[in-house]
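Colleague: Next up is a structure, given as structure tokens.
The values are calculated or read from the model by the stated rules, or taken from the named source; none is laboratory data. Fair warning: this is a prediction, and the values are worked out from it, not measured in the lab. Because the Cβ atoms are built from the backbone with ideal geometry, glycine has one as well, and the counts that use them run over all protein chains shown. Just so you know, the surface numbers come from the protein's heavy atoms only, side chains and all, with ligands and any DNA or RNA stripped out. Shrake-Rupley method; radii C 1.70, N 1.55, O 1.52, S 1.80 Å.
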Amino acid sequence: MTSGLRLAVLAMAGLLSACAGGSSSSLPTDLAGTPTSEVHVLSPTVVPGSGGSADADLALHNAGTARDRLIGVSCTCATAVEIHGGSVGGDTGPVDSIPLPPDKVVFFGSGGPHIVLLGLTQPLAPGDAITLSFTFEIAEPISAIATVTAAKTPSPAA
């Protein structure tokens with residue numbers, strides 16, 4: 001359930017409780033202590049490659065007011081996950097972190113920073129769903145479900 005939907009359900013529950021004569025105004029204990037992250041994962045997909053690897057394409061939105069950094073990614077479907085830098089010249093190889101400026105979106109995919117899953121522990125087929133976990137310098141860790149998509153093939157030359 002999304003946090004917006006949770007808040008709407010809680011607001012409705014509070015309103016119904018007040019109408020029924022209930023006196024509780026605090027959040028349920030299972031939601032009150034739940035940490036939230038200022039970073040959000042947008043449109044995560046995984047594209048299987050050759051040699052037991054895959055690339056994760058996604059965007060990270062830092063909704064916070066402070067600069068943050070992506071410092072780690074993990075997945076039970078791979079023995080290792082690397083964060084690679086990207087530049088006009090191509091892949092710069094593994095890096096320790098990628099900056100996430102406040103109130104900005106950083107795209108991860110070909111031509112820029114990207115995430116490489118190495119040593120796949122299972123075959124990945126289009127339509128499969130896998131969980132990616134993200135660690136940040138400041139924000140709380142988060143997880144996202146990524147959908148496996150077919151490898152993109154270049155269009156034939158005209």
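Colleague: Please go through (1) more than 15 Å from SER37 (Cβ to Cβ); (2) touching a Phe, Trp or Tyr at 6+ places or on another chain (Cβ under 9 Å) for ASP96 and return the number of the only condition it doesn't satisfy.
Modeller: Answer for ASP96: the failing condition is (2).
Colleague: Name the one entry in LEU70, LEU58 that is open to solvent by less than 20 Å² (accessible area, probe 1.4 Å), in contact (Cβ under 8 Å) with a residue 60 or more places away in the chain and either closer than 15 Å to THR149 by Cβ or basic (Lys, Arg) (or both).
Modeller: LEU58
Colleague: If you don't mind, another one. For THR147, work out the one condition from (1) open to solvent by 20 Å² or more (accessible area, probe 1.4 Å); (2) in a loop (DSSP other than H, G, I, E, B) it doesn't fulfil.
Modeller: For THR147, the failing item is (2).
Colleague: Right, another one. Quick check on GLY89: is it under 20 Å from SER43 (Cα atoms) and not aliphatic (A, V, I, L, M)?
Modeller: no
Colleague: Determine whether GLY85 is without any contact (Cβ under 8 Å) to a residue 60 or more places away in the chain and open to solvent by 40 Å² or more (accessible area, probe 1.4 Å).
Modeller: So GLY85 does not fit the description; no.
Colleague: Then there's this: Which residue pairs have Cβ atoms under 8 Å apart, sit 6 or more places apart or on different chains, and have a first residue in the range 96-117 that is under 13 Å from LEU70 (Cβ atoms) and open to solvent by less than 40 Å² (accessible area, probe 1.4 Å) and a second that is among the acidic types (Asp, Glu) and part of a loop (DSSP other than H, G, I, E, B)?
Modeller: Filtered contacts from the range 96-117: SER97/GLU137.
Colleague: Scan the range 56-98 residue by residue and report those that are outside any loop (DSSP other than H, G, I, E, B) and more than 15 Å from the chain's Cα centre (by Cα).
Modeller: Within the range 56-98, ALA78, THR79, ALA80, HIS84, GLY85, GLY86, SER87, GLY90, ASP91, THR92, GLY93, PRO94 qualify.
Colleague: Still on this structure, please answer the following. Quick check: is even one residue across the range 132-141 free of Cβ contacts under 8 Å to residues at least 40 places away in the same chain and surrounded by 13 or more Cβ atoms within 10 Å (Cβ to Cβ)?
Modeller: Checked against the condition, which is being free of Cβ contacts under 8 Å to residues at least 40 places away in the same chain and surrounded by 13 or more Cβ atoms within 10 Å (Cβ to Cβ), the range 132-141 yields no hits at all.
Colleague: Given the residues LEU124, LEU132, LEU118, which is the only one that is more than 25 Å from SER37 (Cα to Cα), in a strand (DSSP E or B) and not hydroxyl-bearing (Ser, Thr, Tyr)?
Modeller: Result of the check over LEU124, LEU132, LEU118: LEU118.
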